[in-house]
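What follows is a short report on a single structure.
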Amino acid sequence: MPTPSPSVLPIRRLTPRDLNACADLSEDRGWPREEHKWGLLLSAGTGYGIDDPEGGLITACVVTEYGPVGRPALGAIGMVLVAERYSRQGIGRRLMRHVLAEMGTTPLTLHATPNGRPLYEELGFKVTGRAEMVCGHFTAGGLAPAVSTRPATAEDLTTILRLDEEVFGTDRTHILTRLPAFTDQLRVAEENGKIIGYAAAWPNLDNQVVGPLIARDTEVAKALITSLAAHTDMQLRTDIDVRHEELLTWVKDRGLASIAFNSVMTYGISELPGDWARRYAPLTVAAG
């Protein structure tokens, strides 16, 4: 029998059992496998994909919803991938149209590569910002930030959740409560006993990804990055909102180099909720 056309194969929900197939798909497109990140996204979000009759996945993506269960205030789309042998056949477009239909009136956001941006614009997404990926070995220098930081404790979680909802603009409890198990480091910044920022660093291949990074101001963000770097020998990687020019200049002066730019895009809203001035870096561009 001839192999069915991908255009008629069903789109189904993915589960954590599809982790290896998703990692294989990443590898097929020349991306790192990133199994640790896929595990988080498939457990905290909703995956969509099409099975390849010959084994594995033809395409996949994950949507992470934020806000009240059943009435999400925001959905973040990430890890949109199509197997190389099925590329340029409209499969990514079909998957995205399915996701848009499933999400209904829920506002959406995503980080688009230059290659992916034209498709998303065709579907109605608008560019509302940019993020710069930087990576490298952090070298401390100059005056140490005069902000106190320490490892987060279980008792801090309620305060972190409250601060994050204020800054991010909607509730991320189901993601943030996974951070202690997902990350290598979770640290807070304090002033007079009050938490004024927090940041995490999680393992990804040969580096540690810094994110989320939420801080009252740039000095607090610097202190959190410095404290994370002091507790690892690995390279740091993060995606910083380009409006935070001072922080970007500072991390580059300390050894991190620009790797890529992504367009921050939205659908159904003109800009992201929350306070961008205190939101320095996402948990991952795949989840916002």
Mean separation of Cα contacts under 8 Å (at least 6 apart) over the residue count of the range 200-288, i.e. the relative contact order in percent, is 41
Provide the FRET efficiency to the nearest 0.05 for the Ala181-Arg243 pair, computing r from the beta carbons and using R0 = 30 Å.
0.40
With the full set of protein chains in place, find how many percent of the accessible area of the range 12-117 is carbon and sulfur; take the probe as 1.4 Å.
47
Using 7 Å Cα-to-Cβ label points, what is the His36/Asn115 separation (nm, one decimal)?
2.5
Which value, in Å² and to the nearest 10, is the accessible area of Thr105 when all protein chains are kept and the probe is 1.4 Å?
140
The percentage of the accessible area of the range 212-271 (probe 1.4 Å, all protein chains present) made up of carbon and sulfur atoms, to the nearest whole number, is 46
Quickly work out the Ala260-to-Thr218 label distance, labels modelled 7 Å from Cα along the C-beta direction, and quote it in nm with one decimal.
2.7
Rg from C-alpha atoms of the chain, normalised by the globular rule of thumb 2.2 N^0.38 Å, equals 1.01
Cut-off under 5 Å, modelled amide H: who pairs with Gly288 long-range
none
Give the accessible surface of the range 27-174 per residue, rounded to a whole number of Å², with probe radius 1.4 Å and ligands, DNA and RNA excluded.
47
Between His174 and Asn204, what FRET efficiency follows from the Cβ-Cβ distance if R0 is 22 Å, with the result rounded to 0.05?
0.60
Mean 1/r over all different Cα pairs, inverted: what Kirkwood radius does the range 1-139 give, in Å?
16.0
So what is Rg over Rh here for the range 205-288, counting just Cα atoms and using Kirkwood for Rh?
0.96
I need the calculated FRET efficiency for the pair Thr158 and Glu122, taking r as the beta carbon distance and R₀ as 51 Å, to the nearest 0.05.
0.75
What whole-number value in cubic angstrom gives the convex hull volume per residue for the C-alpha atoms of the range 28-95?
105
If the elastic network links every pair of Cα atoms under 10 Å, which of Gly129, Gly30, Gly49 fluctuates the most in the Gaussian network model of the chain?
Gly30
So what is the relative contact order for the range 1-91, in percent, with contacts set as C-alpha pairs under 8 Å and at least six apart?
27
How far is helix 218-229 tilted, in degrees, relative to the longest principal axis of the Cα atoms in the chain, given as a value from 0 to 90 rounded to the nearest 10?
80
In order through the range 86-97: 3J(HN,Hα) via Karplus (6.51 cos²θ - 1.76 cosθ + 1.60), integer Hz, x for Gly, Pro
10, 5, 6, 10, x, 6, x, 4, 4, 4, 5, 4
Between the alpha carbon centres of the range 182-242 and the range 45-103 the gap in Å comes to 29
In the chain, lysine pairs 8 or more places apart or on different chains with C-alpha atoms under 28 Å apart total 5
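The values are calculated or read from the model by the stated rules, or taken from the named source; none is laboratory data. Note that the structure is predicted; figures quoted are calculated from it, not measured. Counting neighbours? That spans all protein chains shown, and the Cβs are built from the backbone with ideal geometry, glycine included. The protein model used for the area step is the full one, side chains on, heavy atoms only, and it has no ligands, DNA or RNA in it. Shrake-Rupley method; radii C 1.70, N 1.55, O 1.52, S 1.80 Å.
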